[in-house]
Amino acid sequence: MQQFTATESRRFKILVIIVSISGFSQGMLLPLISVIFEQDGVSATLNGLSATGLYIGTLLISPFIELPLRKYGYKPMIVVGGLIVIVSLLLFPLWKSVAFWFVLRLLIGIGDHALHFSTQTWITSFSPQHRLGRNIAIYGLSFGVGFAVGPLFVQLVEIFEGLPFIVSGLLCLCAWVLVFFIKNEKPEAFSSSNSANGTWKRFGAAFGVAWIAFIPPFSYGFLESSLNAIYPVYALRNSIEISDLSYILAAFSIGGVVSQLPLGMLSDRLGRRQVLYSMLGLGAITFGLASFFEASAIIVGTFFFIAGTFVGSTFSLGIAYMTDLTPKELLPTGNLICGIFFSLGSLSGPFFGGLFIQLFEGVSFLLLISHY
């Protein structure tokens with residue numbers, strides 16, 4: 001059976017490292033800014049709306065990102081996206097303002113989407129079918145490891161408020177340099193032209209064959225953004241310490257890391273759809289149970305870990321499911337639509353989450369999560 005060549009193996013490892021550092025910056029940024037704004041007295045609704053900047057940026061760039069990828073290739077898109085993220089992270093300590101930080105988060109959303117869209121499309125394009133679930137799982141695993149470590153660095157805010165942003169920016173810079181050690185490639189050509197009309201035809205064709213695979217990215221976007229942007233506000237209001245909060249959020253991400261590869265390989269054998277449905281149901285039950293034990297950070301953290309093992313792979317399994325259903329020349333379009341649905345879920349999560357804890361003060365936020 002087909003295996004990676006030495007060049008593909010090296011490329012895969014570099015892409016995995018880049019994605020892990022990107023995951024770290026995202027995992028740190030969402031709870032970090034939520035904690036800072038909550039301590040400054042910013043309302044939960046405004047806090048949640050501010051968190052949507054990341055995903056608005058993703059949506060803004062989505063209609064325009066596929067044509068440059070097809071024209072210039074994967075590497076230039078990763079270089080530009082990474083540079084936008086690095087510069088934006090290093091600008092955070094210069095001026096603390098809800099409006100200014102919203103713009104920076106919007107820019108990070110644009111840069112991150114360019115980076116992730118390019119890396120995941122590249123990986124799905126050169127992965128052999130029998131190892132697709134495994135490779136996408138490793139991709140998700142690398143992001144998950146970074147995302148799990150990110151919240152642990154929120155505590156640096158107690159040393160110096162700008163320190164977490166500086167650390168994250170420098171780590172992204174170190175990973176970004178590795179891009180220059182891989183050779184550029186371009187996606188396979190599509191029969192339709194690279195015009196705006198051709199773009200809409202590709203969207204229609206990809207959506208027609210793989211629409212069901214776009215639901216898991218939406219669900220995971222809602223879950224991830226709600227937990228990392230709004231749950232910190234809810235937790236602080238319920239007397240959970242920042243250090244405990246960091247470990248609770250990290251527990252969810254670690255759960256996803258632990259199960260990412262086994263679930264990816266299981267989906268190669270049993271099918272993506274069966275695995276996805278089972279894991280989403282078990283995750284909902286786990287979050288529902290966690291709502292009865294919110295007085296104990298240890299018990300909540302344990303439930304978050306268990307829930308993470310069930311639903312932490314939802315996005316990567318959704319990508320693999322989409323790849324199963326989509327012709328190879330439509331993979332960039334399919335990956336783009338997955339990113340759009342993830343962003344729509346991520347946009348709705350902080351907004352409805354912030355609204356929920358403002359309107360239903362006596363109701364557990366985890367009940368909302370269990371119904372995602």
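Residue-level analysis places Gly318 among those that are buried (at least 23 other Cβ atoms within 10 Å of the Cβ) and either under 16 Å from Phe117 (Cβ atoms) or at pLDDT 85 or above (or both). Scanning region 312-320 for residues that are without any contact (Cβ under 8 Å) to a residue 40 or more places away in the chain and part of a helix (DSSP H, G or I) turns up nothing. Can you tell me how many residues within region 275-295 are in contact (Cβ under 8 Å) with a residue 40 or more places away in the chain, open to solvent by 40 Å² or more (accessible area, probe 1.4 Å) and either closer than 14 Å to Tyr321 by Cβ or part of a helix (DSSP H, G or I) (or both)? Summing the residues that are in contact (Cβ under 8 Å) with a residue 40 or more places away in the chain, open to solvent by 40 Å² or more (accessible area, probe 1.4 Å) and either closer than 14 Å to Tyr321 by Cβ or part of a helix (DSSP H, G or I) (or both) in region 275-295 gives 2. A residue that is free of Cβ contacts under 8 Å to residues at least 12 places away in the same chain, in a helix (DSSP H, G or I) and either under 21 Å from the mean Cα position of the chain (by Cα) or surrounded by fewer than 24 Cβ atoms within 10 Å (Cβ to Cβ) (or both) cannot be found anywhere in region 300-311. Within region 92-120, residues that are closer than 20 Å to Gln39 by Cα reach partners that are not in a helix (DSSP H, G or I) with beta carbons closer than 8 Å, at six or more positions or on different chains, in the pairs Phe92/Gly162; Pro93/Glu161; Pro93/Gly162; Lys96/Glu161; Val98/Val42.
Residue pairs whose Cβ atoms lie under 8 Å apart, sitting 6 or more positions apart in sequence or on different chains, and linking a residue in region 47-60 that is under 17 Å from Ile337 (Cα atoms) to a partner that is among the aromatic types (Phe, Trp, Tyr) and open to solvent by 10 Å² or more (accessible area, probe 1.4 Å), are Thr58/Phe342. Check whether at least one residue in region 330-349 is farther than 27 Å from Leu289 by Cα, of a type in the set (Phe, Trp, Tyr) and part of a helix (DSSP H, G or I), and report yes or no. The answer is yes; a qualifying residue exists. Using the structure shown, decide if Phe126 is more than 26 Å from Leu245 (Cα to Cα) and either among the aliphatic types (A, V, I, L, M) or touching a residue at least 40 places away in the same chain (Cβ under 8 Å) (or both). In short, yes. All of Pro164, Pro151 fail the test of being within 24 Å of Val35 (Cβ to Cβ), modelled with pLDDT of 85 or more and crowded, with 20+ Cβ neighbours inside 10 Å, apart from Pro164. Name the residues in region 203-224 that are under 14 Å from Leu280 (Cα atoms) and among the β-branched types (Val, Ile, Thr), would you? Matches in region 203-224: Ile215 only. Checked against the criteria, Gly57 counts as within 19 Å of Phe351 (Cα to Cα), at pLDDT 85 or above and not in a loop (DSSP other than H, G, I, E, B). The residues on offer are Leu249, Leu261, Leu227, and the sole one that is more than 30 Å from Phe37 (Cβ to Cβ) and not basic (Lys, Arg) is Leu261.
Taking the criterion of being closer than 17 Å to Leu171 by Cα, open to solvent by 10 Å² or more (accessible area, probe 1.4 Å) and among the hydroxyl-bearing types (Ser, Thr, Tyr), the only residue of region 9-59 that qualifies is Ser20. For region 112-128, the criterion of a residue being open to solvent by 50 Å² or more (accessible area, probe 1.4 Å), in contact with a Phe, Trp or Tyr (Cβ under 9 Å, 6 or more places away or on another chain) and not acidic (Asp, Glu) is satisfied by no position. Of all residues being among the polar types (S, T, N, Q), over 18 Å from Asn335 (Cβ atoms) and in a helix (DSSP H, G or I) in region 219-242, which is modelled with the highest pLDDT? Just the residue, please. Only one residue tops the list, namely Ser226. Looking at Phe117, Phe100 in this structure, which one is assigned to a helix (DSSP H, G or I) and more than 23 Å from Gly221 (Cβ to Cβ)? Just a single option satisfies the conditions, and that option is Phe100.
Against the conditions (1) among the polar types (S, T, N, Q); (2) in contact with a Ser or Thr (Cβ under 6 Å, 6 or more places away or on another chain); (3) closer than 19 Å to Gly162 by Cβ, Thr124 satisfies every one except (3).
Given the criteria open to solvent by 50 Å² or more (accessible area, probe 1.4 Å), among the small types (Gly, Ala, Ser) and in a helix (DSSP H, G or I), does Ser259 qualify? No, not satisfied. Filter region 358-372 for residues that are in a helix (DSSP H, G or I) and either free of Cβ contacts under 8 Å to residues at least 24 places away in the same chain or under 19 Å from Ala284 (Cβ atoms) (or both) and give the result. If the condition is that a residue be in a helix (DSSP H, G or I) and either free of Cβ contacts under 8 Å to residues at least 24 places away in the same chain or under 19 Å from Ala284 (Cβ atoms) (or both), then Leu359, Phe365, Leu366, Leu367, Leu368, Ile369, Ser370 are the ones that fit.
The values are calculated or read from the model by the stated rules, or taken from the named source; none is laboratory data. In this text the structure is predicted, and so the values were computed from the model without any measurement. Note that each Cβ is placed from the backbone with ideal geometry, even for glycine, and that neighbours are counted across all protein chains shown. Just the protein is used for accessible areas: all its heavy atoms, side chains included, with ligands, DNA and RNA removed. Shrake-Rupley method; radii C 1.70, N 1.55, O 1.52, S 1.80 Å.
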